[in-house]
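The block underneath contains the structure these notes are about, expressed in structure tokens.
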Amino acid sequence: MKRRAIAVLLGLMVPLALAQPYRVVDARGRALEIASIERIVSLDGISTEILFALGVGGKVVGRDDSSYYPPQVLRLPSVGYQFQLSAEGILSLRPTLVIGREDVKPPQVVEQLERAGVQVVLVPTEPTVEGAKRKIRVVGQAVGKSQRAEELVRSLERDILALGAYQAQQAPRGKLRGLFLYLRGTQTTFVCSQGSTPVGMMELAGLENAAKGIRACQPMTSESVVAARPDVIVVFLRGLESVGGLEGVLSLPGVAQTPAGQRRKVVAMDDLYLGSFGPRAGRAALDLFRAAYLREGFVEVRP
């Protein structure tokens with residue numbers, strides 16, 4: 001009996017001895033050893049999407065409001081919007097690991113979580129294909145799924161190759177000028193340019209950024225919209241809904257005076273899909289290319 005008890009004890013101890021903390025260098029350049037992934041809170045939609053694609057969705061116990069894909073994520077409690085967070089709401093879920101964007105707000109939330117003993121991994125946000133690969137790899141390393149992360153990276157690379165081949169086959173005679181408008185009601189309207197994720201997606205889809213000369217997002221004016229001369233206006237679906245649909249977009253200052261407004265050429269795309277510099281980036285860019293170049297007038301794009 002004594003030998004059997006020792007054998008059982010050794011059997012329990014061996015897996016524990018073999019278990020090693022997962023090592024990751026996050027967007028801050030900090031080398032972290034992740035002790036436990038049993039209770040993960042994800043603070044942005046792309047990180048949440050990656051976690052589920054890596055096969056660890058069952059360990060996610062909380063999300064932010066931008067996390068709604070895959071659909072089962074909506075069953076999880078929300079801790080608020082990724083740029084309006086509080087440490088108290090996150091800590092109430094007893095997380096062992098928190099994952100979010102490098103520009104999570106307010107930044108002191110990260111400090112508060114770490115002072116409470118919670119490990120926090122911040123993910124890079126560069127709106128490019130290479131940035132998407134880095135996101136996938138950082139999240140994969142943080143949860144001990146580096147091999148699966150590399151499979152997702154290879155799948156993304158195949159999608160990008162397919163996108164390039166399709167674009168070459170269709171061979172548009174010239175690039176269309178695309179203008180992204182961030183809308184949250186008629187009182188919150190912005191023109192976005194370099195550095196913003198939707199503009200990065202537009203460029204990947206083969207559109208020329210019509211809002212050159214500005215950085216990130218600036219308040220929208222009639223003059224800025226007319227001067228941009230867009231052939232296509234791109235908006236989030238939620239933004240479209242917030243201004244009353246297509247007619248609401250066309251009635252915004254300056255829009256009716258643009259080539260896009262005159263042709264009613266507006267592409268409204270699912271928010272997370274358009275901002276999906278993650279595993280679905282290649283497919284999203286292909287769908288945006290088709291909507292912009294191959295279809296007339298107003299188009300809604302949903303994944």
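Let me check against my output: what whole-number percent is the relative contact order of the chain, with C-alpha pairs under 8 Å and at least 6 apart?
Dividing the mean separation by the residue count of the chain yields 15 percent.
Percent of Cα-Cα pairs more than 21 Å apart in segment 21-152, please.
Beyond 21 Å sits 30 percent of the P(r) for segment 21-152.
Using 0.36 nm times the number of residues separating L246 and V61, minus their current alpha carbon distance, what extension gain do you get?
62.9 nm is the gain from fully extending L246 to V61.
What is the local net charge at V143, summed over the other residues whose Cβ is closer than 11 Å to its Cβ (Lys, Arg +1; Asp, Glu -1)?
+2
Give the Cα extents of segment 85-156 along the principal axes, in whole Å, largest first.
Reported extents, whole Å, longest axis first: 38, 24, 15.
Sort out for me the Cα centre separation of segment 20-52 from segment 139-176, rounded to whole Å.
22
State, as an integer percentage, the relative contact order of segment 117-178 based on alpha-carbon contacts under 8 Å between residues 6 or more apart.
Computed value for segment 117-178: 18 percent relative contact order.
For the chain, please report how many Lys pairs fall under 15 Å Cα to Cα, leaving out neighbours fewer than 8 apart on the same chain.
For the chain, the number of qualifying lysine pairs is 5.
Among L286, L240, F180, which residue has its Cα furthest toward the positive end of the charge dipole of the chain, with +1 on Lys/Arg Cβ and -1 on Asp/Glu Cβ?
L286
Could you give the nm distance between label points at R154 and R39, where each point is 7 Å from its Cα heading toward the beta carbon?
Inter-label distance under the simple model: 3.7 nm.
For a Förster distance of 45 Å, can you work out the FRET efficiency between the beta-carbons of A116 and R302, rounded to the nearest 0.05?
0.70
What is the dipole size for segment 132-241, taken about its Cα centre, with +1 at each Lys and Arg Cβ and -1 at each Asp and Glu Cβ, in debye to the nearest 20?
300
How big is segment 173-301 in terms of Cα radius of gyration and Dmax, in angstroms?
Rg and Dmax of segment 173-301, Cα atoms, are 12.8, 37 Å.
Looking at the chain, send over the antiparallel percent of its DSSP beta bridges, to the nearest 5.
The antiparallel proportion sits near 30 percent.
Of Q141, V104, A87, which is farthest on the positive side of the dipole of segment 21-152, counting Cα position, with +1 on Lys and Arg Cβ, -1 on Asp and Glu Cβ, and the Cα centre as origin?
The residue sitting farthest along the positive end of the dipole is Q141.
For V73, V191, V225, what's the fewest-to-most ordering of other Cβ within 10 Å of each Cβ?
Listed from fewest to most nearby Cβ atoms, that is V73, V191, V225.
Would you kindly compute the Cα radius of gyration of the chain and its largest Cα-Cα separation (Dmax), both in Å?
Expressed in Å, the Cα Rg and Dmax of the chain come to 22.1, 88.
In debye, nearest 20: dipole of the chain around its Cα centre with unit charges on the Cβ of K, R (+) and D, E (-)?
Dipole about the Cα centre, nearest 20: 820 debye.
Treat each spin label as a single point 7 Å out from the Cα along the C-beta direction, and report the L294 to R94 distance in nm.
About 5.1 nm, to one decimal.
Any chance you could check the Cα centroid distance between segment 83-129 and segment 217-273 for me, in angstrom?
Centre-to-centre distance over Cα atoms comes out at 33 Å.
Please list the equivalent ellipsoid semi-axes of segment 202-244, computed as the square roots of five times the alpha-carbon gyration tensor eigenvalues, in descending order and whole angstrom.
That gives 18, 15, 11 Å for the three semi-axes.
A short reminder: the numbers here are calculations on the coordinates, not readings from a lab. Note that this is a predicted model, so its numbers are computed, not measured. In this analysis, Cβ positions are derived from the backbone assuming ideal geometry, glycine residues included, and neighbour counts consider all displayed protein chains.
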